[in-house]
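The numbers here are math on the coordinates, done by the rules we state, and not lab data. Everything quoted here is computed from the prediction, not taken from an experiment. Note: ideal-geometry Cβ built from the backbone for every residue, glycine included; neighbour counts use all protein chains shown.
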Amino acid sequence: MKVLRGDPHAWEPPEEGSVLTVGVFDGVHLGHRRIGASLLEEAEQRGGLAAGIVTFDRHPLATISPTETPDLITTLDEQVEQWTVLGMNFVAVLTFEEGVRSMTPAWFAETVLSAGLGARHIVVGAGFRFGRDGAGDVAELRVLGDKLGFTVGAVELVEMSDMPVSSTQIRGAIADGEMESAARWLGRRFTRAGVVIPGANRGAEIGFATANLAIQAGLAVPGHGVYAAFAVLDGERLPAVVNIGTRPTFDDTGEVVEAHLLDFDQDIYGRSLILEFVKRLRGERRFESVEDLVDQIGRDVAEARALLGAC
């Protein structure tokens with residue numbers, strides 16, 4: 001799949017034109033996927049036009065109000081990977097700096113959608129807003145489309161349990177350790193990748209060696225607790241028990257994300273590991289003794305092994 005970046009004036013639109021959607025798409029969740037499915041259907045009905053995503057290199061709040069920027073469910077690379085799997089032809093990434101923030105709806109429609117990407121049809125959510133301070137809406141986009149030669153379709157939000165599926169809702173589920181809910185709304189299990197780094201060797205000292213992960217700042221991580229998960233290493237999925245927290249039994253203060261890979265004993269320092277979270281087994285707690293902690297970890301491993309073996 002093609003990824004377009006930089007100045008949209010330098011982009012070369014698909015010769016046959018394109019069908020597009022626009023948004024932040026953090027998580028590429030079920031609501032985003034509904035829009036994507038509508039996009040692909042429209043592209044096929046119009047004779048196989050190119051289907052593309054227009055998004056941003058960062059969450060807009062990172063420029064508008066940095067202190068309010070949410071932790072992200074997916075990195076940009078992970079979003080591109082998801083859109084590739086779903087069958088998109090290209091992703092166009094705008095750099096969300098002050099110039100893009102200040103764009104008028106008309107400038108965006110003409111420069112990015114029409115001239116830059118050859119838009120013939122745009123698919124957006126029913127509550128779509130665009131341009132500086134969200135000045136433009138679906139109605140204005142349709143008016144601009146009449147002038148620029150594209151049509152606009154609006155897709156209703158996906159609802160589950162009488163609530164709209166949203167990135168905010170999913171972030172809340174992740175923070176609360178509700179991995180089944182997050183997976184249901186995402187349409188897949190939540191994953192978090194990191195590089196394995198040296199730790200304090202607490203796990204090895206008590207018989208449960210762990211891979212400590214360095215997680216990129218600004219990304220969502222499940223709340224403190226112990227989780228059953230799959231650890232994906234070079235494409236191989238391995239059962240694991242993951243601890244997220246401060247290891248209160250040892251009076252540690254720094255937060256760690258550490259994975260004990262079951263039936264695995266290899267040096268993987270410096271390698272990338274993806275954690276695919278299945279279920280929270282228990283919350284974080286302080287144990288009276290290391291022996292009590294070891295007994296509990298043994299029970300965690302047995303529970304995770306049974307759970308993951310049935311997946």
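Per-structure values
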| read-out | value |
| --- | --- |
| Förster radius 35 Å - calculated FRET efficiency between residue 65 and residue 310 (Cβ-Cβ, nearest 0.05) | 0.20 |
| Separation in nanometres of the label points that stand 7 Å from Cα toward Cβ, at residue 133 and residue 5 | 3.3 |
| Shape of the stretch 103-252, Cα gyration tensor, a/c cut at 1.5 | prolate |
| On Cα atoms only, tilt of 30-45 relative to the major axis of the chain in degrees | 40 |
| Selected from 84, 75, 55 as most flexible by GNM, with the chain as the system and alpha-carbon contacts under 10 Å | 84 |
| Options 73, 24, 272, ranked by Cα towards positive dipole end of the chain, top entry (Cβ charges) | 24 |
| Net charge dipole size for the stretch 2-164 [Lys, Arg +1 and Asp, Glu -1 on Cβ; Debye, nearest 20] | 280 |
| Fewest-first ranking of 162, 77, using other Cβ atoms within 10 Å as the exposure measure | 162, 77 |
| DSSP loop GluC sites (Glu not before Pro) with at most 15 other Cβ within 10 Å: longest gap in the chain | 157-254 |
| Principal axes of the stretch 1-130: Cα extent on each, largest first, Å | 45, 30, 27 |
| Degrees between helix 138-148 axis and first principal axis of the chain (Cα, 0 to 90, nearest 10) | 50 |
| Dipole in debye (nearest 20) - the chain, about Cα centre, beta carbon charges: Lys, Arg +1; Asp, Glu -1 | 480 |
| Residues with amide H under 5 Å from that of residue 165, placed H, sequence gap 5 or more | 158, 159, 160 |
| Computed over the stretch 190-309: relative contact order in percent, which uses C-alpha pairs under 8 Å that are six or more apart | 33 |
| Under Karplus coefficients 6.51, -1.76 and 1.60, residue-wise ³J(HN,Hα) of the stretch 176-185 in Hz, glycine/proline x | 8, x, 8, 5, 5, 5, 4, 5, 4, 7 |
| Solvent-free Debye scattering, log10 I(q)/I(0), computed from the Cα coordinates of the stretch 184-311 at q = 0.12, 0.21 Å⁻¹ | -0.41, -1.38 |
| Cα-based shape type of the chain, given that a ≥ b ≥ c are square roots of the gyration tensor eigenvalues and the cut on a/c is 1.5 | prolate |
| Gaussian network model of the chain, Cα within-10 Å springs - most flexible of 241, 93, 294 | 294 |
| Gyration tensor (alpha-carbon) shape descriptor, the stretch 98-147, a/c threshold 1.5 | oblate |
| Estimated inter-spin distance, residue 303 and residue 205, nm [label 7 Å along Cα→Cβ] | 2.5 |
| Mean Cα-pair separation over length for the chain, i.e. relative contact order, pairs under 8 Å, 6 or more apart, % | 16 |
